[in-house]
Amino acid sequence: MTDKTLRPNVLISAAKLAPEAVALLEEAGYAVHCTSGYPEEKELLTAIREHRPVAILHRQGIINGTVMDAAAPGLRL
């Protein structure tokens, strides 16, 4: 899959991820999306609705049951 819109999405709950980590994910076929640093529930829910991630790499802030329920249909990791 070369088109970024066709790649499965990974959501990072932080403003950035090490460039080497982003490169590894992208080389493995994933599109990487970051939130702001320490995102609030509303921002996480918006990002989940927009990107429908297959994985969430939780780095900053709190991910509660509401966020997990919103992500659950397509979440794999």
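The values are calculated or read from the model by the stated rules, or taken from the named source; none is laboratory data. These numbers come from a predicted model, not from an experiment. Note that we place each Cβ from the backbone using ideal geometry, even for glycine, and neighbour counts take in every protein chain shown. In case anyone asks, the SASA skips ligands and DNA or RNA and just uses the protein heavy atoms, side chains included. Shrake-Rupley method; radii C 1.70, N 1.55, O 1.52, S 1.80 Å.
Quick rundown of the values:
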| item | result |
| --- | --- |
| Shape category assigned to the chain from the gyration tensor of Cα positions, a/c cut at 1.5 | oblate |
| Additional length obtainable on full extension of the chain from His58 to Ala15, 0.36 nm per residue less Cα span | 14.4 nm |
| Solvent-accessible area per residue for the chain (1.4 angstrom probe, square angstrom) | 64 |
| Förster radius 22 Å - calculated FRET efficiency between Leu75 and Tyr38 (Cβ-Cβ, nearest 0.05) | 0.60 |
| The chain: angle of helix 41-51 to the longest principal axis, Cα-based, in degrees nearest 10 | 30 |
| Apportionment of accessible area to carbon and sulfur, segment 1-56, percent (1.4 Å) | 56 |
